[in-house]
Amino acid sequence: MKIKDIRIGKISVSLKKPFKTALRTVSSVENIIVEVLTDTGNIGYGSAAPTEVITGDTTGAIVGGIEYIKKNIVSLDIENFEEVMVKLNNCLVKNTSAKAAVDIALYDLYGQLYNAPVYKLLGGYRKSLVSDITISVNEPDEMVKDSLEAVEAGYKTLKIKVGKDSKKDLQRIKAVSKSVGRDIALRLDVNQGWKPKEAVSIIRKLEDLDINIELVEQPVKAHDFEGLKFVTDNVYLPILADESVFSPKDAMEIINMRAADLLNLKLMKTGGIYNALKIAAMAETAGIECMIGSMMESSIGATAAAHLAAAKAIITKVDLDVPILCKEDLVRGGADFDKYEITLSDKPGFGFEEVKGIEYLNVSF
């Protein structure tokens, strides 16, 4: 099964309501779609989400990166999978979103080659997952309304976006907690919005309250490993590193420094499944649990992430709610996203059948 060509397109899907974090506000999911074509007629699907404020990857940069990757892997054989992945990862530096899009498509083909779902090839630990749902950062009363709707829909874990004005963040968290009660677990996602001492002060105040907080995600700037360690060392609540973890090197440094209690894996940061597996192995060796998450991705990226999570026992927490936040799903096949329940297909690869509404790009570099 040799790689013959790569087609690039884009899709756009509106969200049911704006997605707001401390870093940005998004009203639609804009994804680059990759189709890796082979001489056997098999097609592997992948996708990338431009997330300028986190990965630094714009739409143009992703398209350019994919075109450059294409020059380096066309004619290679999926059967020689390690050779293909080494070429993919070494042909250019950074460009993690472009790499992830192609990586996902290649794993899709790898599963098709051996007529097995990817999660089984990678370990096959489970077939279904339970996701949280994100509550965007807004005024406290609106966040309470959104939280109650999620609980009514059956969600047991809410990911609460904060990081915009620490005093109001406390009000937001208290209001949501009071409205949903202690039976609902809260994951606080700060998106780098606090300073280290500020984070310690806020978290200690929360620890003194009767609130069911499961973890605090990325309280400080991504590059501030020392600040992250300061927070981790000075609070009891578990601290999850997200934007700080892109590469296996980042993960190794955070683990060696004991800078965080948990690691968040996102394929757009790691450059795909290949490197995410390395980080998961490091975390497992160190006894550190992982969460699987995503950017604002189509169900192509979310399905790939779900297969990784289903394969590995060390990935214990799931944050893959974007397909549920969208008004429609343009992808036929793949994982079944039914509110908080994610069920994987046993079809070969990721089980994709069709992606509707692709606007193909005529690019050449």
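Look at Ser136 and say whether it is touching a strand residue (DSSP E or B) at 6+ places or on another chain (Cβ under 8 Å), surrounded by fewer than 16 Cβ atoms within 10 Å (Cβ to Cβ) and hydroxyl-bearing (Ser, Thr, Tyr). Please lay out each step first, then the result.
Numbers: touching a strand residue (DSSP E or B) at 6+ places or on another chain (Cβ under 8 Å): yes; surrounded by fewer than 16 Cβ atoms within 10 Å (Cβ to Cβ): no; hydroxyl-bearing (Ser, Thr, Tyr): yes.
It is false that Ser136 is touching a strand residue (DSSP E or B) at 6+ places or on another chain (Cβ under 8 Å), surrounded by fewer than 16 Cβ atoms within 10 Å (Cβ to Cβ) and hydroxyl-bearing (Ser, Thr, Tyr).
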Is one or more of the residues making up the stretch 118-132 in contact (Cβ under 8 Å) with a residue 40 or more places away in the chain, of a type in the set (S, T, N, Q), assigned by TED's automatic domain parsing to the domain that holds Ala310 and buried (at least 24 other Cβ atoms within 10 Å of the Cβ)?
yes
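Looking only at residues in the stretch 34-60 that are under 26 Å from Asn191 (Cβ atoms) and of a type in the set (A, V, I, L, M, F, W, C), which one is surrounded by the most Cβ atoms within 10 Å (Cβ to Cβ)?
From the stretch 34-60, those under 26 Å from Asn191 (Cβ atoms) are 46-60; that's our starting set.
Going one step further and asking which of them are of a type in the set (A, V, I, L, M, F, W, C), we end up with 48-49, 53-54.
On the way: Ala48: 37, Ala49: 27, Val53: 12, Ile54: 21.
Ranking the candidates gives Ala48 first.
Any idea which of Ala306, Ala286, Ala313, Ala281 is in the same structural domain as Lys347 (by TED's automatic domain parsing) and either at pLDDT below 95 or surrounded by 24 or more Cβ atoms within 10 Å (Cβ to Cβ) (or both)? Lay out the reasoning, then the answer.
Details: Ala286 fails: either at pLDDT below 95 or surrounded by 24 or more Cβ atoms within 10 Å (Cβ to Cβ) (or both); Ala313 fails: either at pLDDT below 95 or surrounded by 24 or more Cβ atoms within 10 Å (Cβ to Cβ) (or both); Ala281 fails: either at pLDDT below 95 or surrounded by 24 or more Cβ atoms within 10 Å (Cβ to Cβ) (or both).
After ruling out the rest, the residue left standing is Ala306.
Please determine whether any residue of the stretch 185-194 is free of Cβ contacts under 8 Å to residues at least 60 places away in the same chain, over 21 Å from Asn264 (Cβ atoms) and under 23 Å from the mean Cα position of the chain (by Cα). Outline the logic, then answer.
Narrowing the stretch 185-194 to residues free of Cβ contacts under 8 Å to residues at least 60 places away in the same chain: 185-186, 188, 194.
Next cut, over 21 Å from Asn264 (Cβ atoms) only: none.
No, the stretch 185-194 contains no residue that is free of Cβ contacts under 8 Å to residues at least 60 places away in the same chain, over 21 Å from Asn264 (Cβ atoms) and under 23 Å from the mean Cα position of the chain (by Cα).
Where in the stretch 284-365 are there strands (runs of 3 or more DSSP E), lying wholly inside it, with at least 2 residues that are under 19 Å from the mean Cα position of the chain (by Cα) and within 15 Å of Leu265 (Cα to Cα)? Let's see the steps before the verdict.
Working: elements: 290-292, 315-318, 331-333, 336-338, 341-343, 352-355.
Counting at least 2 such residues, we get 290-292, 315-318.
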Of the numbered conditions (1) in contact (Cβ under 8 Å) with a residue 60 or more places away in the chain; (2) more than 30 Å from Gln171 (Cβ to Cβ); (3) of a type in the set (Gly, Ala, Ser), Ala153 fails exactly one; give the number of that condition.
(2)
Do the conditions hold for Val63, that is, is it surrounded by 15 or more Cβ atoms within 10 Å (Cβ to Cβ), in contact (Cβ under 8 Å) with a residue 12 or more places away in the chain and among the hydrophobic types (A, V, I, L, M, F, W, C)?
yes
Residue hits (the stretch 158-206; among the hydroxyl-bearing types (Ser, Thr, Tyr) and within 24 Å of Lys339 (Cβ to Cβ)) are Ser177, Ser179
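May I ask you to list the residues in the stretch 323-347 that are within 20 Å of Tyr119 (Cα to Cα) and buried (at least 20 other Cβ atoms within 10 Å of the Cβ)? Give the steps one after another, and end with the answer.
So the first thing to find is which residues in the stretch 323-347 are within 20 Å of Tyr119 (Cα to Cα), and the list is 323, 331-338, 340-347.
Selection gives Pro323, Val331, Gly334, Ala335, Phe337, Tyr340, Ile342, Leu344.
The values are calculated or read from the model by the stated rules, or taken from the named source; none is laboratory data. All figures in this text were calculated on a predicted structure; none of them were measured in a lab. Reconstructed Cβ throughout: ideal geometry from the backbone, glycine too, with neighbour counts over all protein chains shown.
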